[in-house]
Amino acid sequence: MQLHEPAIITIFGALGDLSKRKLLPALFNLWHEKMLPEQFYILGLGRGSTLDGFVEYARASLNEFSRRGVPTEEEWTQFSAHLRYLDGSFEDPTLHAAISTETSELMKGTSVPWVRMFYLSTPPSLIEVIAQQLHAAGLSGPKDRLVIEKPFGRDLESATKLNTSLLNYFDEDRIYRIDHYLGKETVQNILAFRFANAMYEPIWKRGYIDHVQITVSEEVGVETRGKFYESAGALRDMIQNHLLQLLCMVAMEPPISLDADEVRNKKVDVLKALRPIPPDELYRFVVRGQYGPGYVKGQVVRGYRQEDNVDPNSSTETFVALKLYVDNWRWQDVPFYLRTGKRMAAKASKISIQFRPVPHQMFPEKTSDHWEPNRLTINIQPEEGITVRIQAKQPGQKMKLRTVNMDFDYDLSFTAEPPEAYETLLYDVLEADGTLFMRSDQEHYAWSVVTPILEAWENSPSQDFPNYAAGSWGPEAAEALIARDGRSWHAIPVILPPAT
Ligand code: BG6
(Lines give C-alpha, C1' and ligand atoms only; values in the text may rest on other atoms or scores of the structure.)
Protein backbone atom coordinates (compact mmCIF):
# COMPACT_ATOMS: atom_id res chain seq x y z
CA MET A 1 0.00 0.00 0.00
CA GLN A 2 2.33 2.67 -1.25
CA LEU A 3 1.36 6.20 -0.30
CA HIS A 4 0.87 8.49 -3.24
CA GLU A 5 1.05 12.02 -1.96
CA PRO A 6 4.66 13.20 -2.00
CA ALA A 7 5.96 14.00 1.47
CA ILE A 8 8.67 15.78 3.43
CA ILE A 9 9.27 14.33 6.87
CA THR A 10 11.02 16.88 9.04
CA ILE A 11 12.51 15.63 12.31
CA PHE A 12 13.28 18.14 15.04
CA GLY A 13 15.93 16.32 17.05
CA ALA A 14 17.18 14.20 14.15
CA LEU A 15 20.47 13.60 15.96
CA GLY A 16 18.75 12.39 19.14
CA ASP A 17 18.18 9.01 20.67
CA LEU A 18 14.61 8.44 19.45
CA SER A 19 15.58 9.35 15.92
CA LYS A 20 18.47 6.91 16.02
CA ARG A 21 16.71 3.98 17.67
CA LYS A 22 13.23 4.27 16.20
CA LEU A 23 12.44 6.97 13.64
CA LEU A 24 15.21 6.52 11.08
CA PRO A 25 15.02 2.70 11.14
CA ALA A 26 11.21 2.92 10.83
CA LEU A 27 11.44 5.25 7.83
CA PHE A 28 14.03 3.02 6.22
CA ASN A 29 11.82 -0.04 6.66
CA LEU A 30 8.78 1.77 5.26
CA TRP A 31 10.87 2.79 2.26
CA HIS A 32 12.19 -0.75 1.92
CA GLU A 33 8.64 -2.10 1.82
CA LYS A 34 7.70 0.48 -0.80
CA MET A 35 5.18 2.09 1.48
CA LEU A 36 6.58 5.60 1.37
CA PRO A 37 5.57 7.70 -1.64
CA GLU A 38 7.94 7.71 -4.59
CA GLN A 39 8.82 11.32 -3.92
CA PHE A 40 9.83 11.87 -0.34
CA TYR A 41 12.54 13.56 1.70
CA ILE A 42 13.65 13.26 5.29
CA LEU A 43 14.76 16.64 6.52
CA GLY A 44 16.82 16.26 9.69
CA LEU A 45 17.14 19.21 12.05
CA GLY A 46 19.81 19.31 14.72
CA ARG A 47 22.53 21.34 16.38
CA GLY A 48 26.21 21.43 15.51
CA SER A 49 26.25 19.06 12.55
CA THR A 50 26.14 19.02 8.77
CA LEU A 51 24.41 17.01 6.06
CA ASP A 52 27.38 14.64 6.02
CA GLY A 53 27.18 14.30 9.79
CA PHE A 54 23.47 13.49 9.63
CA VAL A 55 23.96 11.00 6.82
CA GLU A 56 26.63 9.22 8.86
CA TYR A 57 24.34 9.26 11.89
CA ALA A 58 21.51 7.75 9.85
CA ARG A 59 23.78 5.03 8.54
CA ALA A 60 24.98 4.12 12.03
CA SER A 61 21.36 4.10 13.19
CA LEU A 62 20.25 1.66 10.50
CA ASN A 63 23.28 -0.55 10.98
CA GLU A 64 22.50 -0.90 14.66
CA PHE A 65 18.74 -0.68 14.94
CA SER A 66 17.02 -1.64 11.69
CA ARG A 67 15.06 -4.86 12.14
CA ARG A 68 16.42 -5.94 8.73
CA GLY A 69 20.01 -5.71 9.82
CA VAL A 70 22.65 -3.73 7.96
CA PRO A 71 21.36 -2.32 4.62
CA THR A 72 23.18 -3.34 1.45
CA GLU A 73 25.32 -0.72 -0.30
CA GLU A 74 22.68 -0.35 -2.98
CA GLU A 75 19.84 0.08 -0.49
CA TRP A 76 21.84 2.61 1.45
CA THR A 77 22.77 4.63 -1.64
CA GLN A 78 19.14 4.80 -2.74
CA PHE A 79 17.74 5.58 0.68
CA SER A 80 20.36 8.16 1.66
CA ALA A 81 19.63 10.17 -1.49
CA HIS A 82 16.41 11.21 0.30
CA LEU A 83 18.18 12.74 3.30
CA ARG A 84 18.52 16.49 3.84
CA TYR A 85 19.73 18.45 6.84
CA LEU A 86 19.49 21.90 8.41
CA ASP A 87 21.37 23.06 11.46
CA GLY A 88 20.03 25.55 13.96
CA SER A 89 18.27 26.33 17.18
CA PHE A 90 14.70 25.01 17.22
CA GLU A 91 13.33 28.21 18.74
CA ASP A 92 15.07 30.41 16.21
CA PRO A 93 12.83 31.97 13.51
CA THR A 94 15.72 31.84 11.04
CA LEU A 95 15.70 28.03 11.22
CA HIS A 96 11.99 28.01 10.47
CA ALA A 97 12.50 30.40 7.57
CA ALA A 98 15.21 28.05 6.29
CA ILE A 99 12.82 25.07 6.59
CA SER A 100 10.29 26.99 4.56
CA THR A 101 12.85 27.79 1.83
CA GLU A 102 14.22 24.24 1.78
CA THR A 103 10.81 22.56 1.61
CA SER A 104 9.62 24.94 -1.14
CA GLU A 105 12.75 24.10 -3.08
CA LEU A 106 12.16 20.35 -2.65
CA MET A 107 8.52 20.62 -3.68
CA LYS A 108 9.29 22.66 -6.79
CA GLY A 109 8.13 21.38 -10.13
CA THR A 110 5.31 19.10 -8.92
CA SER A 111 1.71 19.97 -9.44
CA VAL A 112 0.28 17.78 -6.65
CA PRO A 113 0.31 19.10 -3.08
CA TRP A 114 2.95 17.71 -0.71
CA VAL A 115 2.38 16.47 2.81
CA ARG A 116 4.77 18.06 5.32
CA MET A 117 5.19 16.21 8.58
CA PHE A 118 6.95 17.92 11.48
CA TYR A 119 8.04 15.37 14.04
CA LEU A 120 8.94 16.96 17.37
CA SER A 121 11.42 14.61 18.98
CA THR A 122 12.49 17.32 21.40
CA PRO A 123 12.25 18.16 25.10
CA PRO A 124 8.60 18.95 25.95
CA SER A 125 9.51 22.54 26.81
CA LEU A 126 10.13 23.25 23.10
CA ILE A 127 6.81 22.00 21.72
CA GLU A 128 4.90 25.24 22.06
CA VAL A 129 7.56 27.52 20.64
CA ILE A 130 8.25 25.22 17.69
CA ALA A 131 4.56 25.05 16.81
CA GLN A 132 4.34 28.81 17.03
CA GLN A 133 7.42 29.32 14.84
CA LEU A 134 6.20 26.83 12.27
CA HIS A 135 2.95 28.74 12.08
CA ALA A 136 4.75 32.08 11.78
CA ALA A 137 6.86 30.69 8.93
CA GLY A 138 3.76 29.57 7.03
CA LEU A 139 4.37 25.89 7.75
CA SER A 140 1.01 25.06 9.31
CA GLY A 141 -1.19 24.83 6.24
CA PRO A 142 -3.84 22.19 5.48
CA LYS A 143 -1.22 19.61 4.40
CA ASP A 144 1.10 20.22 7.35
CA ARG A 145 1.01 17.79 10.29
CA LEU A 146 2.51 18.14 13.73
CA VAL A 147 3.65 15.00 15.54
CA ILE A 148 4.30 15.23 19.26
CA GLU A 149 6.03 12.72 21.46
CA LYS A 150 4.79 12.08 24.97
CA PRO A 151 4.77 13.40 27.64
CA PHE A 152 2.03 15.80 26.61
CA GLY A 153 2.17 18.15 29.61
CA ARG A 154 3.03 17.27 33.22
CA ASP A 155 -0.43 17.36 34.72
CA LEU A 156 -3.95 18.38 33.85
CA GLU A 157 -3.29 22.09 34.01
CA SER A 158 -0.14 22.12 31.88
CA ALA A 159 -1.63 19.71 29.33
CA THR A 160 -4.70 21.92 28.98
CA LYS A 161 -2.55 25.00 28.56
CA LEU A 162 -0.32 23.33 25.99
CA ASN A 163 -3.30 22.12 24.06
CA THR A 164 -5.02 25.50 23.99
CA SER A 165 -1.82 27.02 22.73
CA LEU A 166 -1.22 24.42 19.99
CA LEU A 167 -4.74 24.86 18.66
CA ASN A 168 -3.81 28.45 17.82
CA TYR A 169 -1.39 27.09 15.23
CA PHE A 170 -2.63 23.67 14.09
CA ASP A 171 -6.15 22.24 13.94
CA GLU A 172 -6.87 19.24 16.15
CA ASP A 173 -7.02 16.86 13.20
CA ARG A 174 -3.50 17.83 12.16
CA ILE A 175 -1.96 17.21 15.59
CA TYR A 176 -0.74 13.63 16.15
CA ARG A 177 0.03 12.88 19.81
CA ILE A 178 2.07 9.72 20.00
CA ASP A 179 1.52 6.88 22.43
CA HIS A 180 3.73 4.25 20.84
CA TYR A 181 1.89 1.41 22.61
CA LEU A 182 -1.03 2.03 20.28
CA GLY A 183 1.20 1.25 17.30
CA LYS A 184 2.13 -2.19 18.63
CA GLU A 185 0.68 -5.04 16.61
CA THR A 186 -0.56 -6.91 19.64
CA VAL A 187 -2.30 -3.85 21.02
CA GLN A 188 -4.12 -3.28 17.74
CA ASN A 189 -4.99 -6.95 17.74
CA ILE A 190 -7.08 -6.41 20.88
CA LEU A 191 -9.60 -4.64 18.63
CA ALA A 192 -9.55 -7.53 16.17
CA PHE A 193 -9.81 -10.11 18.92
CA ARG A 194 -12.72 -8.42 20.63
CA PHE A 195 -14.72 -7.15 17.68
CA ALA A 196 -13.95 -9.51 14.79
CA ASN A 197 -14.96 -12.55 16.86
CA ALA A 198 -18.39 -13.10 18.30
CA MET A 199 -17.25 -15.58 20.91
CA TYR A 200 -16.07 -13.48 23.81
CA GLU A 201 -18.11 -10.31 23.53
CA PRO A 202 -21.26 -11.73 25.19
CA ILE A 203 -19.26 -12.64 28.31
CA TRP A 204 -16.99 -9.58 28.27
CA LYS A 205 -18.69 -7.99 31.25
CA ARG A 206 -19.19 -7.91 34.99
CA GLY A 207 -21.35 -11.01 35.21
CA TYR A 208 -18.52 -13.20 33.91
CA ILE A 209 -15.32 -11.30 34.57
CA ASP A 210 -13.99 -11.19 38.11
CA HIS A 211 -11.20 -8.68 37.50
CA VAL A 212 -8.60 -7.52 34.99
CA GLN A 213 -4.83 -7.20 35.51
CA ILE A 214 -2.54 -5.11 33.35
CA THR A 215 1.19 -5.46 33.94
CA VAL A 216 3.95 -3.64 32.08
CA SER A 217 7.19 -4.61 33.76
CA GLU A 218 10.65 -3.71 32.56
CA GLU A 219 14.04 -5.17 33.41
CA VAL A 220 15.86 -2.00 32.44
CA GLY A 221 16.43 0.86 34.83
CA VAL A 222 16.43 4.49 33.76
CA GLU A 223 19.62 4.00 31.73
CA THR A 224 20.75 7.36 30.29
CA ARG A 225 17.45 9.11 31.00
CA GLY A 226 17.97 9.97 34.67
CA LYS A 227 17.41 13.69 34.16
CA PHE A 228 14.15 13.21 32.27
CA TYR A 229 12.93 10.49 34.61
CA GLU A 230 13.54 12.57 37.72
CA SER A 231 10.93 15.02 36.47
CA ALA A 232 8.55 12.30 35.29
CA GLY A 233 8.26 9.13 37.39
CA ALA A 234 6.34 5.98 36.51
CA LEU A 235 2.86 7.48 36.92
CA ARG A 236 3.49 10.13 34.26
CA ASP A 237 5.81 8.02 32.12
CA MET A 238 3.71 4.86 31.85
CA ILE A 239 0.32 4.93 33.61
CA GLN A 240 -1.08 8.21 32.23
CA ASN A 241 -0.57 6.96 28.70
CA HIS A 242 0.37 3.35 27.92
CA LEU A 243 -1.45 1.52 30.73
CA LEU A 244 -4.59 3.65 30.59
CA GLN A 245 -4.73 3.12 26.85
CA LEU A 246 -4.49 -0.63 27.33
CA LEU A 247 -7.29 -0.40 29.85
CA CYS A 248 -9.38 1.48 27.29
CA MET A 249 -8.81 -1.23 24.67
CA VAL A 250 -10.10 -3.87 27.08
CA ALA A 251 -12.99 -1.89 28.49
CA MET A 252 -14.33 0.09 25.50
CA GLU A 253 -17.73 -0.54 23.96
CA PRO A 254 -17.80 -1.89 20.38
CA PRO A 255 -17.19 0.97 17.94
CA ILE A 256 -19.60 1.22 15.02
CA SER A 257 -16.73 1.50 12.54
CA LEU A 258 -12.97 1.85 12.42
CA ASP A 259 -13.36 5.57 11.84
CA ALA A 260 -10.69 7.39 13.87
CA ASP A 261 -13.10 9.51 15.87
CA GLU A 262 -15.51 6.67 16.45
CA VAL A 263 -12.79 4.51 17.99
CA ARG A 264 -11.45 7.39 20.06
CA ASN A 265 -14.92 8.38 21.25
CA LYS A 266 -15.39 4.91 22.66
CA LYS A 267 -12.05 5.11 24.46
CA VAL A 268 -12.85 8.51 25.88
CA ASP A 269 -16.06 7.08 27.30
CA VAL A 270 -13.97 4.64 29.33
CA LEU A 271 -11.64 7.34 30.63
CA LYS A 272 -14.62 9.47 31.59
CA ALA A 273 -16.13 6.54 33.49
CA LEU A 274 -13.04 5.91 35.63
CA ARG A 275 -14.03 6.34 39.25
CA PRO A 276 -12.01 9.16 40.87
CA ILE A 277 -9.78 7.94 43.67
CA PRO A 278 -10.67 9.69 46.92
CA PRO A 279 -7.48 11.62 47.94
CA ASP A 280 -7.85 10.61 51.61
CA GLU A 281 -8.05 6.92 50.65
CA LEU A 282 -5.17 6.91 48.23
CA TYR A 283 -3.36 4.18 50.19
CA ARG A 284 -6.22 1.74 49.41
CA PHE A 285 -5.91 2.27 45.67
CA VAL A 286 -2.34 3.25 44.78
CA VAL A 287 1.13 2.07 45.72
CA ARG A 288 4.39 3.73 44.68
CA GLY A 289 7.84 2.23 44.73
CA GLN A 290 11.45 2.95 43.94
CA TYR A 291 14.08 0.33 43.24
CA GLY A 292 17.14 -0.15 45.36
CA PRO A 293 20.21 -2.17 44.37
CA GLY A 294 19.64 -5.80 43.47
CA TYR A 295 20.07 -8.47 40.82
CA VAL A 296 18.41 -8.58 37.44
CA LYS A 297 18.87 -11.89 35.66
CA GLY A 298 21.82 -12.67 37.86
CA GLN A 299 23.60 -9.35 37.24
CA VAL A 300 24.24 -6.90 40.06
CA VAL A 301 22.56 -3.57 39.33
CA ARG A 302 22.56 -0.30 41.23
CA GLY A 303 19.62 1.35 42.86
CA TYR A 304 17.69 4.23 41.31
CA ARG A 305 19.29 6.80 43.62
CA GLN A 306 22.71 5.71 42.40
CA GLU A 307 21.85 6.12 38.70
CA ASP A 308 23.44 8.94 36.67
CA ASN A 309 21.73 12.33 36.93
CA VAL A 310 19.47 11.17 39.75
CA ASP A 311 19.23 12.91 43.12
CA PRO A 312 20.75 10.62 45.81
CA ASN A 313 17.66 11.41 47.94
CA SER A 314 15.20 11.25 45.08
CA SER A 315 11.55 10.66 45.86
CA THR A 316 10.67 9.85 42.23
CA GLU A 317 8.68 6.63 41.85
CA THR A 318 9.90 3.93 39.48
CA PHE A 319 6.96 1.62 40.22
CA VAL A 320 3.22 2.13 40.50
CA ALA A 321 0.41 -0.30 41.27
CA LEU A 322 -3.12 0.98 41.06
CA LYS A 323 -6.69 -0.23 41.37
CA LEU A 324 -9.30 1.42 39.19
CA TYR A 325 -13.01 0.97 38.57
CA VAL A 326 -14.95 1.81 35.43
CA ASP A 327 -18.33 3.09 36.50
CA ASN A 328 -20.70 1.90 33.80
CA TRP A 329 -23.16 -0.93 33.18
CA ARG A 330 -20.58 -3.26 31.73
CA TRP A 331 -17.89 -2.93 34.37
CA GLN A 332 -19.47 -1.74 37.59
CA ASP A 333 -17.40 -3.01 40.56
CA VAL A 334 -14.98 -5.06 38.44
CA PRO A 335 -11.51 -4.02 39.61
CA PHE A 336 -8.80 -3.23 37.08
CA TYR A 337 -5.39 -3.72 38.68
CA LEU A 338 -2.55 -1.96 36.89
CA ARG A 339 1.15 -2.19 37.70
CA THR A 340 4.30 -1.02 36.02
CA GLY A 341 7.88 -0.66 37.11
CA LYS A 342 11.49 -0.48 36.11
CA ARG A 343 14.10 -3.01 37.21
CA MET A 344 11.58 -5.73 37.79
CA ALA A 345 12.18 -9.46 37.61
CA ALA A 346 11.17 -9.82 33.95
CA LYS A 347 10.19 -7.77 30.92
CA ALA A 348 6.54 -8.36 30.13
CA SER A 349 3.48 -6.48 28.95
CA LYS A 350 0.38 -8.54 29.63
CA ILE A 351 -3.31 -8.14 30.14
CA SER A 352 -5.13 -10.88 31.94
CA ILE A 353 -8.86 -11.21 32.09
CA GLN A 354 -9.81 -13.34 35.04
CA PHE A 355 -13.19 -14.97 34.61
CA ARG A 356 -15.42 -15.95 37.51
CA PRO A 357 -15.68 -19.58 38.63
CA VAL A 358 -18.44 -21.71 37.10
CA PRO A 359 -21.78 -21.00 38.82
CA HIS A 360 -22.25 -24.57 39.97
CA GLN A 361 -19.42 -26.97 40.71
CA MET A 362 -20.65 -30.42 39.62
CA PHE A 363 -17.20 -32.05 39.82
CA PRO A 364 -16.25 -33.34 43.25
CA GLU A 365 -13.22 -31.67 44.79
CA LYS A 366 -11.02 -34.71 44.41
CA THR A 367 -11.29 -34.62 40.61
CA SER A 368 -9.18 -31.52 40.47
CA ASP A 369 -6.05 -30.96 42.53
CA HIS A 370 -5.80 -27.40 41.48
CA TRP A 371 -9.04 -25.91 40.30
CA GLU A 372 -8.65 -22.62 38.47
CA PRO A 373 -11.33 -20.54 36.77
CA ASN A 374 -10.79 -19.53 33.13
CA ARG A 375 -8.29 -16.84 32.38
CA LEU A 376 -7.53 -15.13 29.10
CA THR A 377 -4.08 -13.59 28.79
CA ILE A 378 -3.10 -11.17 26.07
CA ASN A 379 0.69 -11.16 25.74
CA ILE A 380 1.67 -7.86 24.25
CA GLN A 381 5.39 -8.53 24.50
CA PRO A 382 7.58 -10.51 24.44
CA GLU A 383 6.30 -13.82 22.94
CA GLU A 384 3.24 -12.14 21.53
CA GLY A 385 0.01 -14.09 21.59
CA ILE A 386 -3.18 -14.93 23.41
CA THR A 387 -3.65 -17.78 25.85
CA VAL A 388 -6.87 -19.12 27.30
CA ARG A 389 -6.65 -21.23 30.41
CA ILE A 390 -9.28 -23.94 30.58
CA GLN A 391 -10.05 -27.07 32.57
CA ALA A 392 -9.69 -30.37 30.71
CA LYS A 393 -10.13 -34.04 31.52
CA GLN A 394 -6.88 -35.84 32.00
CA PRO A 395 -6.61 -38.99 29.88
CA GLY A 396 -7.57 -42.11 31.89
CA GLN A 397 -10.52 -44.09 33.21
CA LYS A 398 -11.22 -41.71 36.07
CA MET A 399 -12.67 -38.22 35.81
CA LYS A 400 -9.70 -36.11 36.78
CA LEU A 401 -9.36 -32.49 35.71
CA ARG A 402 -6.33 -30.43 34.93
CA THR A 403 -5.68 -26.86 33.85
CA VAL A 404 -4.39 -26.56 30.28
CA ASN A 405 -3.76 -23.70 27.86
CA MET A 406 -5.17 -22.97 24.41
CA ASP A 407 -2.58 -20.84 22.69
CA PHE A 408 -2.44 -18.44 19.81
CA ASP A 409 1.21 -17.65 19.11
CA TYR A 410 2.03 -14.85 16.67
CA ASP A 411 5.28 -16.41 15.51
CA LEU A 412 3.66 -19.74 14.75
CA SER A 413 0.56 -18.33 13.07
CA PHE A 414 2.13 -15.60 10.98
CA THR A 415 5.43 -15.93 9.24
CA ALA A 416 5.79 -12.28 8.24
CA GLU A 417 7.72 -10.17 10.70
CA PRO A 418 5.42 -7.52 12.18
CA PRO A 419 6.29 -3.86 11.64
CA GLU A 420 7.67 -1.87 14.53
CA ALA A 421 5.19 0.44 16.27
CA TYR A 422 6.88 3.53 14.83
CA GLU A 423 6.56 2.22 11.27
CA THR A 424 2.81 1.95 11.72
CA LEU A 425 2.54 5.33 13.38
CA LEU A 426 4.64 7.25 10.84
CA TYR A 427 2.71 5.65 8.00
CA ASP A 428 -0.58 6.59 9.62
CA VAL A 429 0.46 10.22 9.97
CA LEU A 430 1.35 10.37 6.29
CA GLU A 431 -2.00 8.79 5.52
CA ALA A 432 -3.77 11.24 7.85
CA ASP A 433 -5.27 8.45 9.93
CA GLY A 434 -5.55 9.57 13.55
CA THR A 435 -7.03 6.36 15.00
CA LEU A 436 -3.88 5.35 16.86
CA PHE A 437 -3.11 8.81 18.22
CA MET A 438 -4.23 10.54 21.36
CA ARG A 439 -6.90 13.16 20.83
CA SER A 440 -6.86 16.18 23.15
CA ASP A 441 -9.84 14.95 25.15
CA GLN A 442 -8.14 11.58 25.74
CA GLU A 443 -5.16 13.45 27.18
CA HIS A 444 -7.51 15.56 29.25
CA TYR A 445 -9.34 12.66 30.88
CA ALA A 446 -6.19 10.59 31.35
CA TRP A 447 -4.56 13.50 33.17
CA SER A 448 -7.73 13.99 35.22
CA VAL A 449 -7.27 10.49 36.63
CA VAL A 450 -3.60 10.77 37.55
CA THR A 451 -3.26 14.44 38.55
CA PRO A 452 -4.87 14.09 42.03
CA ILE A 453 -2.43 11.24 42.75
CA LEU A 454 0.53 13.30 41.57
CA GLU A 455 -0.56 16.19 43.76
CA ALA A 456 -1.03 14.01 46.82
CA TRP A 457 2.40 12.44 46.33
CA GLU A 458 4.06 15.81 45.85
CA ASN A 459 2.59 16.93 49.15
CA SER A 460 3.83 13.87 51.00
CA PRO A 461 7.04 12.41 49.59
CA SER A 462 7.48 8.75 50.36
CA GLN A 463 9.42 7.96 53.54
CA ASP A 464 10.33 4.38 52.68
CA PHE A 465 12.15 4.69 49.32
CA PRO A 466 13.85 2.58 48.08
CA ASN A 467 11.23 -0.02 48.90
CA TYR A 468 11.88 -2.80 46.41
CA ALA A 469 15.02 -4.54 45.31
CA ALA A 470 15.95 -4.41 41.64
CA GLY A 471 14.96 -7.72 40.09
CA SER A 472 11.88 -8.24 42.29
CA TRP A 473 8.18 -7.75 41.53
CA GLY A 474 7.92 -4.42 43.33
CA PRO A 475 7.20 -3.35 46.89
CA GLU A 476 5.33 -5.57 49.33
CA ALA A 477 2.57 -2.99 49.50
CA ALA A 478 1.72 -3.85 45.87
CA GLU A 479 1.06 -7.44 46.92
CA ALA A 480 -1.03 -6.19 49.83
CA LEU A 481 -3.05 -3.90 47.54
CA ILE A 482 -4.47 -6.85 45.64
CA ALA A 483 -4.33 -9.36 48.52
CA ARG A 484 -6.77 -7.18 50.51
CA ASP A 485 -9.34 -8.08 47.85
CA GLY A 486 -8.55 -11.78 48.18
CA ARG A 487 -6.62 -11.88 44.90
CA SER A 488 -3.00 -11.99 43.81
CA TRP A 489 -0.92 -10.79 40.86
CA HIS A 490 -0.73 -13.44 38.17
CA ALA A 491 2.72 -14.96 37.99
CA ILE A 492 4.94 -13.99 35.09
CA PRO A 493 7.66 -16.47 34.18
CA VAL A 494 11.22 -15.30 34.66
CA ILE A 495 13.48 -16.81 32.03
CA LEU A 496 17.05 -16.82 33.24
CA PRO A 497 19.91 -16.66 30.73
CA PRO A 498 21.63 -20.01 30.23
CA ALA A 499 24.46 -20.67 32.69
CA THR A 500 27.88 -20.05 31.17
C1 BG6 B 1 8.32 4.84 27.02
C2 BG6 B 1 8.80 5.24 28.39
O3 BG6 B 1 7.17 5.58 26.67
O4 BG6 B 1 8.00 3.45 27.02
C5 BG6 B 1 10.00 4.41 28.79
O6 BG6 B 1 9.15 6.62 28.38
C7 BG6 B 1 9.69 2.93 28.68
O8 BG6 B 1 10.41 4.72 30.12
C9 BG6 B 1 9.10 2.61 27.31
O10 BG6 B 1 10.89 2.22 28.87
C11 BG6 B 1 8.62 1.17 27.25
O12 BG6 B 1 8.28 0.88 25.92
P13 BG6 B 1 8.39 -0.60 25.35
O14 BG6 B 1 7.90 -0.48 23.95
O15 BG6 B 1 9.84 -0.99 25.46
O16 BG6 B 1 7.53 -1.45 26.22
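Considering each residue of the stretch 350-371, count those that are open to solvent by less than 40 Å² (accessible area, probe 1.4 Å) and either modelled with pLDDT of 80 or more or among the aliphatic types (A, V, I, L, M) (or both), and give that number.
6
Within the stretch 187-204, identify whether any single residue is within 16 Å of the ligand (Cβ to nearest atom), open to solvent by less than 40 Å² (accessible area, probe 1.4 Å), out of contact with any strand residue (DSSP E or B) (no Cβ under 9 Å at 6 or more places or on another chain) and under 30 Å from GLU307 (Cβ atoms), and answer yes or no.
The answer is no, given that none of the residues of the stretch 187-204 is within 16 Å of the ligand (Cβ to nearest atom), open to solvent by less than 40 Å² (accessible area, probe 1.4 Å), out of contact with any strand residue (DSSP E or B) (no Cβ under 9 Å at 6 or more places or on another chain) and under 30 Å from GLU307 (Cβ atoms).
Out of (1) more than 16 Å from the ligand (Cβ to nearest atom); (2) modelled with pLDDT of 95 or more; (3) open to solvent by 10 Å² or more (accessible area, probe 1.4 Å), the odd one out for VAL326 is which?
So VAL326 meets the others, but not (3).
Do you know which residues across the stretch 424-445 are under 15 Å from ASN265 (Cβ atoms) and part of a helix (DSSP H, G or I)?
SER440, ASP441, GLN442, GLU443, HIS444, TYR445 - these are the residues of the stretch 424-445 that are under 15 Å from ASN265 (Cβ atoms) and part of a helix (DSSP H, G or I).
Please list, ordered by first then second residue, the pairs with beta carbon atoms under 8 Å, 6 or more apart or interchain, first in the stretch 200-227 and over 26 Å from ILE482 (Cα atoms) and of a type in the set (Val, Ile, Thr), second open to solvent by less than 10 Å² (accessible area, probe 1.4 Å) and more than 10 Å from the ligand (Cβ to nearest atom).
VAL222/TYR304
Residue under question is VAL216, and the condition is that it be in contact with a His (Cβ under 8 Å, 6 or more places away or on another chain) and either modelled with pLDDT of 95 or more or part of a helix (DSSP H, G or I) (or both); does it hold?
In short, yes.
Name every residue in the stretch 335-351 that is part of a strand (DSSP E or B) and either within 16 Å of the ligand (Cβ to nearest atom) or over 17 Å from TYR181 (Cβ atoms) (or both), in order of residue number.
The answer is TYR337, LEU338, ARG339, THR340, GLY341, MET344, ALA348, SER349, LYS350, ILE351.
Cβ-Cβ under 9 Å, sequence separation 6+ or interchain: first residue in the stretch 83-95 and within 11 Å of LEU126 (Cβ to Cβ), partner open to solvent by less than 30 Å² (accessible area, probe 1.4 Å) and outside any helix (DSSP H, G or I). Which pairs?
Final answer for the pair search is PHE90/PHE12; PHE90/GLY13; PHE90/LEU45; PHE90/LEU120; PHE90/THR122.
Which pairs turn up if I take residues in the stretch 443-471 that are open to solvent by 60 Å² or more (accessible area, probe 1.4 Å) and look for partners that are in a loop (DSSP other than H, G, I, E, B) with beta carbon separation below 7 Å, at least 6 apart in sequence or on another chain?
Between residues of the stretch 443-471 that are open to solvent by 60 Å² or more (accessible area, probe 1.4 Å) and residues that are in a loop (DSSP other than H, G, I, E, B), the close pairs are PRO461/SER315; PRO466/GLN290; PRO466/GLY303.
MET199 versus (1) assigned to a loop (DSSP other than H, G, I, E, B); (2) more than 21 Å from the chain's Cα centre (by Cα); (3) modelled with pLDDT of 95 or more: which is the lone unmet condition?
Here MET199 clears every test but (3).
Does the stretch 22-43 include one or more residues that are of a type in the set (Asp, Glu) and assigned to a loop (DSSP other than H, G, I, E, B)?
Yes, that holds for at least one residue.
When the stretch 160-186 is examined, which residues are found to be open to solvent by less than 40 Å² (accessible area, probe 1.4 Å), assigned to a loop (DSSP other than H, G, I, E, B) and not acidic (Asp, Glu)?
PHE170, ILE178, LYS184
Are any residues in the stretch 444-500 among the basic types (Lys, Arg) and touching a strand residue (DSSP E or B) at 6+ places or on another chain (Cβ under 9 Å), and if so, which ones?
ARG487
Does VAL216 meet the test of being open to solvent by 10 Å² or more (accessible area, probe 1.4 Å), within 11 Å of the ligand (Cβ to nearest atom) and among the hydrophobic types (A, V, I, L, M, F, W, C)?
So VAL216 fails the test.
Might you check whether a residue that is in a loop (DSSP other than H, G, I, E, B) and within 17 Å of HIS444 (Cα to Cα) occurs anywhere in the stretch 312-334?
no
If we scan the stretch 85-101, do we find a residue that is modelled with pLDDT of 95 or more and within 27 Å of LEU182 (Cα to Cα)?
No; the residues of the stretch 85-101 include none that is modelled with pLDDT of 95 or more and within 27 Å of LEU182 (Cα to Cα).
With the checklist (1) without any contact (Cβ under 8 Å) to a residue 60 or more places away in the chain; (2) open to solvent by less than 20 Å² (accessible area, probe 1.4 Å) in hand, flag the one item VAL310 doesn't pass.
It is condition (1) that VAL310 fails.
Taking helices (runs of 4 or more DSSP H) that do not extend beyond the stretch 220-280, which have at least 1 residues that are more than 15 Å from the ligand (Cβ to nearest atom) and open to solvent by less than 10 Å² (accessible area, probe 1.4 Å)?
244-251, 260-273
Test ARG177 against the criterion of being charged (D, E, K, R) and away from the ligand (no atom under 16 Å from the Cβ), and give yes or no.
no
Return the residues of the stretch 262-295 that are over 15 Å from PRO335 (Cβ atoms) and of a type in the set (Gly, Ala, Ser); say none if nothing qualifies.
Answer for the stretch 262-295, where residues must be over 15 Å from PRO335 (Cβ atoms) and of a type in the set (Gly, Ala, Ser): GLY289, GLY292, GLY294.
Given ILE99, ILE127, ILE42, which one is among the hydrophobic types (A, V, I, L, M, F, W, C) and touching a residue at least 60 places away in the same chain (Cβ under 8 Å)?
ILE99
Please name all residue pairs, on different chains or six or more residues apart, with Cβ atoms under 6 Å, provided the first residue is in the stretch 258-269 and is closer than 17 Å to LEU246 by Cα and the second residue is part of a helix (DSSP H, G or I) and of a type outside the set (Val, Ile, Thr).
The qualifying pairs are LYS267/CYS248; VAL268/ASP441; VAL268/GLN442.
The values are calculated or read from the model by the stated rules, or taken from the named source; none is laboratory data. Just so we're clear, the structure is a prediction, and the values are computed from it rather than from any experiment. Backbone-built Cβ (ideal geometry, glycine too); neighbour counts: all protein chains shown. We work out accessible area using only protein heavy atoms, side chains counted, and drop any ligands, DNA or RNA first. Shrake-Rupley method; radii C 1.70, N 1.55, O 1.52, S 1.80 Å.
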